[in-house]
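We did not get these values from a lab; they are worked out from the coordinates using the rules stated. All values reported here derive from a predicted model rather than from experimental measurement. When we count neighbours, we look across all protein chains shown, and the Cβ atoms used for this are built from the backbone with ideal geometry, even at glycine.
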Amino acid sequence: MSTEITKTSQIRIDVHLDKESLPAQIEWDADDAEFEGKQPAKGIMLSIFDGLQQNAMRIDLWTNDMQVDEMNLFMFQTLATMADTFENATQNKEVADAMRDFAHNFGHMTEVFGPDHKH
């Protein structure tokens, strides 16, 4: 089954490297973004699934000024939204809820939540 392509949109990521070839600055923009110009980012996680090879490929980058508490929050939010994506794609609420529980536990372990937070 073929789907007719009616539009193409690009997402651009610029990674500026330091002398050790480590990310010093990350900027991104997109054709359909609700903002103008490049936006700064401290980290990116990009996953691409190759259907022919049945293989997931990843690019994980973060700048040297990203703090540990920021990485903790970034990972928590990424894990939590992965559960939403999984549920939307598969309609498997039971597994998505297990993923959410894991993300919530991760949030507690990394102190993303305040001390009075309840699940």
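Loop-located GluC sites (Glu not before Pro) in the stretch 1-101 (DSSP state not H, G, I, E or B) with no more than 16 neighbouring Cβ atoms inside 10 Å: E4, E20, E34, E36.
Which one of A96, A33, A24 has the biggest mean-square fluctuation once the chain is modelled by GNM with Cα springs under 10 Å? Its mean-square fluctuation being the largest, the pick is A33. Taking θ as phi - 60° and the Karplus parameters 6.51, -1.76 and 1.60, the scalar couplings of the stretch 74-87 work out to 4, 5, 4, 5, 5, 4, 5, 6, 4, 5, 5, 4, 4, 5 Hz in sequence order, x denoting glycine and proline. Normalised by 2.2 N^0.38 Å, where N counts its residues, the alpha-carbon radius of gyration of the stretch 9-65 equals 1.31.
Using the alpha-carbon positions of the stretch 67-119, Rg (one decimal) and Dmax (whole number) come out as 11.7, 35 Å. Exposed loop sites here are chymotrypsin sites (Phe, Trp or Tyr not before Pro) assigned a DSSP state other than H, G, I, E or B and surrounded by at most 16 other beta carbons within 10 Å; excluding them, the longest clear run of the chain is 36-112. Any chance you could check the Cα centroid distance between the stretch 64-100 and the stretch 3-20 for me, in angstrom? Comparing the Cα centres of the stretch 64-100 and the stretch 3-20, I get a distance of 22 Å. All other residues whose Cβ lies under 12 angstrom from that of V112 are scored, Lys and Arg at +1 and Asp and Glu at -1, for a net of -3.
At most 11 other Cβ atoms within 10 Å plus a DSSP loop assignment makes a site exposed; report the longest stretch of the chain without any exposed trypsin sites (Lys or Arg not before Pro).
No qualifying site falls inside 20-117, the longest such stretch.
Can you compute the FRET efficiency between F113 and D29 using 1/(1 + (r/R0)^6), with r the Cβ-Cβ distance and R0 = 25 Å? Round to the nearest 0.05. About 0.20, to the nearest 0.05.
Note on I13 and N72: the model spin-label points, each 7 Å out from Cα along the C-beta direction, lie 2.5 nm apart. Per residue of the chain, the DSSP helices (runs of n ≥ 4 H) give a summed -39500 (n - 2.57) that works out to -11500 deg cm²/dmol at 222 nm.
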